[in-house]
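Peer 1: First, the structure itself, so that you have it in front of you.
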Amino acid sequence: MAAARQSNPTDKREFNLNSFEGLNTRALRQAIKPTEQAWLENIMPIGDANAKVVPNISAPLASIQSLTGSPRTPYYAEGFNIIISGTATDVLMIADTTGDLWQFNCNTNTLKAVSWNTARAGFYKQSNCAQWKNERILIIDNTHGYSDWNGTTLTSTGYTGAPTSGQCIQVFSGQVWISNNRTVSYSTINGYQDFSTSNGGAGSFIVTDPNLHSSIQTLVVANNYLYIFGIDSINVISDPTLTGTAGSQILTFTNTNLSTGVGSPFPMTVIPFYRTLWFGATSGFYGLYGSNSKKASINLDGVFQLINNVGTPTSVGGVPVISAGLVEIYNILCIAFLFQYQDPVLGARQLIALSFNDRWFLASQGANSGNKALNLIAGNSVVGTNTLYGTDTQGNIYRLFADTTTAINFKWQTPLFDMEHPEEDKQWMRLGVGAQYATATSSALTVYADTENSTTLYNFVSASTLVFSGTGNIQFQGAGAQNIYWTTIGYTLAMANVSGFGKYIGATISGSGVGVVFTLSLMEYIYRALW
């Protein structure tokens, strides 16, 4: 029910917004909560009066093209830690569509060929990797079978009964588990080389349950379980136990279906996030809490329906439609999902949706489109810090949210507020934006005063213009006829007189900056016509 009308409707009224609970694209802009935002791009809603512009993407750290002389498009990347030359090393294993594997050293930002210029060059077009202890990376390829990499040497022989093809691989309870369509094979206990069923503990089984449509999409180890993801199902392997005498032991375990109707056709989105297993489905991003799947991206419904190819995920070896990873931004752990968004205004472009503490925001890192745009992301724990990397179709490797000196474009769109009186017109009078600036960089903002049926542009400058008064105002100008401003460090409140009428009013704020912290928006208005 609307509040009672004020006795003097022509009095100016002020409204300030300093709460930032995150993005909500599920409801219309007129209907979202006052504390939520209609759009937040490259602005992290850390807390009340604390919405901070995120760091930018790094320059390319390494390039596959620089080694091969031709562009390479990665389709797979995953982070591991293995001992190389006696040193624990954080690495990304990367596979490209030409069929080669690469090792990116996250500690030194150097790239090393794994299969290129070897007898197995071009063999890894449909590969997946897992870590064995901290001594080597295990690799399964759908066409060329099983191999391993110890940081210096690629090996593809010396195995007993190893699968000759497969799509997914994991290490669980001291054994290697490999899936091929609906069949899961596992090695002997505490060994990665022996899959012979005549030796103790090795074996295989077929997932015969009808809830597994098509084939296994990925295997994931988390919370002391092995999760088997189908397109729309999740099973879990638990309590593996060896029975029998030495040399003829049999592995027994429990295979339990946790979810029917919800699974993931996007293998590179299945990420442990605290004690929850997150994943992408065709209807949104979900969290698996124990045995219950819960949609975590309800507030992204308006974005999700505009993700390109979300209904046609790629097969093994294809560049993923959606990929994910963990990243720490301002010492806050976030989960991030990369996808191509069909922007109604800007067209197809890459976006990253991030979540922390039940808050969502968006980010754009690097080029929006073209061969420099990100095609996948992957995370790794680098010396204990969750770090997010990205690749493009040229084979360039970047670190995301890493550059704290280069300005990044941002956009903040508030709700459209009815001020508890949706039945009355409001006349815009003044609009303000509060921000904290960390550096003396240009702080010009592009601000739109919005109503439900119009939007009007106002250029805000939060620094003071240097003006001489003579026969008229004189604006100082520097090189290139650019205006000179008193630049501002610290808190500033930029304001402008605005005009317009509507039953709903709000603001859209955009610009470019480094480490800018938005604290509030201020709106001054007058009630006008009733109904």
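Peer 1: Under the rule of at least 5 residues apart or a separate chain, name every residue whose amide H is placed under 5 Å from the amide H of residue 348.
Peer 2: Excluding prolines and chain starts, which carry no amide H, the hits are 343.
Peer 1: So, one more: Give the shape of the range 158-263 as rounded, prolate or oblate, defined through the alpha-carbon gyration tensor: a ≥ b ≥ c are the square roots of its eigenvalues, a/c under 1.5 means rounded, and otherwise the shape is prolate if a/b is larger than b/c and oblate if not.
Peer 2: It comes out prolate by the Cα gyration axes.
Peer 1: Can you find, among 300, 262, 144, the residue farthest towards the positive end of the dipole of the chain? Put +1 on the C-beta of Lys and Arg, -1 on that of Asp and Glu.
Peer 2: Going by the Cα projections, it comes out as 144.
Peer 1: Could I ask something else about it? How many nm separate the modelled label positions at residue 208 and residue 150, each set 7 Å beyond the Cα in the direction of the Cβ?
Peer 2: The two pseudo-label positions are separated by 4.2 nm.
Peer 1: Continuing with the same structure: R0 = 35 Å: FRET efficiency of residue 135 with residue 358, Cβ-based, nearest 0.05?
Peer 2: Taking R0 as 35 Å, the efficiency between residue 135 and residue 358 is 0.35.
Peer 1: Fully extended, how many nm does the chain gain between residue 405 and residue 15 (0.36 nm per residue separation, minus their Cα-Cα distance)?
Peer 2: Between residue 405 and residue 15, full extension yields an extra 137.0 nm.
Peer 1: Tell me the relative contact order for the chain as a rounded percent, counting alpha carbon contacts under 8 Å between residues six or more apart.
Peer 2: 17
Peer 1: Can you tell me the relative contact order of the range 158-263? Whole percent, Cα pairs under 8 Å, sequence separation 6 or more.
Peer 2: After rounding, I find 20 percent.
Peer 1: Rounded to the nearest 5, what % of DSSP beta bridges with both residues in the range 158-263 are antiparallel?
Peer 2: About 95 percent, rounded to the nearest 5.
Peer 1: Can I ask one more? At a Förster distance of 56 Å, what's the computed FRET efficiency of residue 528 paired with residue 342, Cβ-Cβ distance as r, to 0.05?
Peer 2: Here the calculated transfer efficiency is 0.90.
Peer 1: At residue 479 and residue 309, where each label point lies 7 Å from the Cα along Cα→Cβ, what is the point-to-point distance in nanometres?
Peer 2: Taking the simple label geometry, residue 479 and residue 309 are separated by 4.4 nm.
Peer 1: Cut-off is 10 Å between beta-carbons; in what order do 294, 52, 112 appear when sorted fewest neighbours first?
Peer 2: If I rank by nearby Cβ atoms, fewest first, I get 294, 112, 52.
Peer 1: Turning to a different aspect of this structure: Between the range 296-334 and the range 89-127, how far is it from one alpha carbon centroid to the other, in angstrom?
Peer 2: With the range 296-334 and the range 89-127 each reduced to a Cα centre, they are spaced 24 Å.
Peer 1: Follow-up. Could you give the dipole magnitude of the chain about its Cα centre, charging the beta-carbon of Lys and Arg +1 and that of Asp and Glu -1, in debye to the nearest 20? Please report the intermediate quantities before stating the final value.
Peer 2: Numbers: 26 positive and 31 negative charges, 68 e Å.
The calculation lands at about 320 debye.
Peer 1: While we're here: Please figure out what share of the DSSP beta bridges in the range 269-383 is antiparallel and state it in percent, rounded to the nearest 5.
Peer 2: Restricted to the range 269-383, the bridges split so that about 95 percent are antiparallel.
Peer 1: As an exercise, use a Förster radius of 45 Å and the Cβ-Cβ distance of residue 31 and residue 182 to find the FRET efficiency, rounded to the nearest 0.05.
Peer 2: 0.50
Peer 1: Which shape class applies to the range 103-214: rounded if a/c is under 1.5, otherwise prolate when a/b exceeds b/c and oblate if not, where a ≥ b ≥ c are the square roots of the Cα gyration tensor eigenvalues?
Peer 2: Note, shape of the range 103-214 comes out prolate.
Peer 1: Going by Cα centres, the range 343-411 and the range 199-263 are how many Å apart?
Peer 2: Here the two parts' Cα centres lie 34 Å apart.
Peer 1: In Å, what Rg and Dmax follow from the Cα atoms of the range 269-383?
Peer 2: Cα-based Rg and Dmax for the range 269-383 come out at 13.9, 41 Å.
Peer 1: Between the DSSP loop rule and a limit of at most 15 other Cβ atoms within 10 Å, which trypsin sites (Lys or Arg not before Pro) in the range 327-419 are left?
Peer 2: 372
Peer 1: Taking the C-alpha atoms of the range 56-124, how large are the radius of gyration and the largest Cα-Cα span, Dmax, in Å?
Peer 2: 12.2, 40
Peer 1: Compute the length gained on full extension between residue 497 and residue 333: take 0.36 nm times their separation in residues and subtract their Cα-Cα distance, giving the result in nm to one decimal.
Peer 2: 55.1 nm
Peer 1: Near the amide H of residue 421, under 5 Å away, which other amide H atoms are found, from residues 5 or more places off or on another chain, if H is placed in the peptide plane?
Peer 2: none
Peer 1: Any lysines with Cα under 22 Å of the residue 12 Cα? List them, leaving off those in the same chain fewer than 8 positions away.
Peer 2: In chain and number order, the partners are 426, 503.
Peer 1: For the chain, what class follows from the C-alpha gyration tensor (a ≥ b ≥ c being the square roots of its eigenvalues): rounded when a/c is under 1.5, otherwise prolate if a/b is larger than b/c, else oblate?
Peer 2: Details: a/c = 3.01, a/b = 1.90, b/c = 1.59.
Note, shape of the chain comes out prolate.
Peer 1: Give me the dipole magnitude in Debye, nearest 20, for the range 273-428 about the Cα centre, with unit charges on the beta carbon: positive for Lys and Arg, negative for Asp and Glu.
Peer 2: So the dipole magnitude of the range 273-428 works out to roughly 680 debye.
Values quoted throughout were computed directly from the atomic coordinates according to the rules given, and no laboratory measurement underlies them. Note that the structure is predicted; figures quoted are calculated from it, not measured. With ideal geometry, Cβ positions are generated from the backbone for all residues, glycine too; neighbour counts draw on all protein chains shown.
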